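S.K.: Here's a structure for you.
The values are calculated or read from the model by the stated rules, or taken from the named source; none is laboratory data. For clarity, every value in this text was computed on a predicted model and none was experimentally measured. Every residue, glycine as well, gets a Cβ built from its backbone with ideal geometry; the counts of neighbours run over all protein chains shown.
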Amino acid sequence: MIRPRTALLLTLALAATPALAQQEISKVNGSITAEAGQAYGDLDTVNGSIRVADGATAEDASTVNGSINVGDKARVDSLETVNGSIRVGKDVQVRKDVETVNGSIFTDRGTTVGGRIETVNGAIGLVATQLAGGIETVNGDITVGVGSHVKGGIKVEKPQGFRLNVKRDPRVIIGPNAIVDGPLVFERPVTLYVHTSAKIGAVTGATAKPFSTDTAPAE
């Protein structure tokens, strides 16, 4: 028979277990891996990549020089890097923003992002993704892929300073059955393709070119 005090201590210990499991990992040099199915706090490194395995949970994941890869059905608060790409798997929940400066961002089917997706130099691609905020970039292609819903509009900012080795203007593609609520604002020249089944808000700074094939025309 378990005495009342022993039962109380056992209950408190069991209740504390998840909190203890949410360890924070911070490094200067080296990569970080959040193991599958485990719970973590913040994941921070300066020089190294971050991998959040399938089904893992974490708070903010950030690095300076390195990529971030999030596995299927993982849950994180936010994702941020400076020099590196961010790739998000299927059925992932990101509570806040996904940001990089020099690198691409991709989110796969069933993913939800509660904040914004932003980059400066790098492509952005969404497939069947629900984005509560908007998309913002300067020098990067944007693909709002099939079945995606962007609720905060799209903005492509004007580059600052001199533009060197610019091969072409960014391509912005709104794919089949995609929805972009809010304005699409382009402060620099872009090539905008909008599928005939897509729905978008008001466009400023570009003229939409309709297409009805599975993919946008190649340049």
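S.K.: Filter region 137-155 down to the residues that are in a loop (DSSP other than H, G, I, E, B) and closer than 19 Å to D97 by Cβ and list them by number.
M.R.: V138, G140, S148, K151, G152, G153
S.K.: Still on this structure: Only residues in region 85-98 that are modelled with pLDDT under 95 count as the first member; pair them with residues that are among the hydroxyl-bearing types (S, T, Y) and surrounded by 17 or more Cβ atoms within 10 Å (Cβ to Cβ), Cβ under 9 angstrom, at least 6 apart or cross-chain, and list the lot.
M.R.: Within 9 Å, no pair qualifies.
S.K.: To continue, here is another question. Somewhere in region 113-131, is a residue farther than 26 Å from A53 by Cα, of a type in the set (K, R) and modelled with pLDDT of 95 or more?
M.R.: Taking every residue of region 113-131 in turn, none turns out to be farther than 26 Å from A53 by Cα, of a type in the set (K, R) and modelled with pLDDT of 95 or more.
S.K.: Just one of the numbered conditions (1) within 14 Å of the chain's Cα centre (by Cα); (2) at pLDDT below 95 is not true of K167; which one?
M.R.: Here K167 clears every test but (1).
S.K.: Just the residues that are farther than 14 Å from G152 by Cβ and not in a strand (DSSP E or B), please, taken from region 179-192.
M.R.: Passing the criteria: E187, R188, P189, V190.
S.K.: For region 88-105, which positions are touching a strand residue (DSSP E or B) at 6+ places or on another chain (Cβ under 6 Å), farther than 14 Å from E136 by Cα and surrounded by fewer than 19 Cβ atoms within 10 Å (Cβ to Cβ)?
M.R.: Q93, R95, K96
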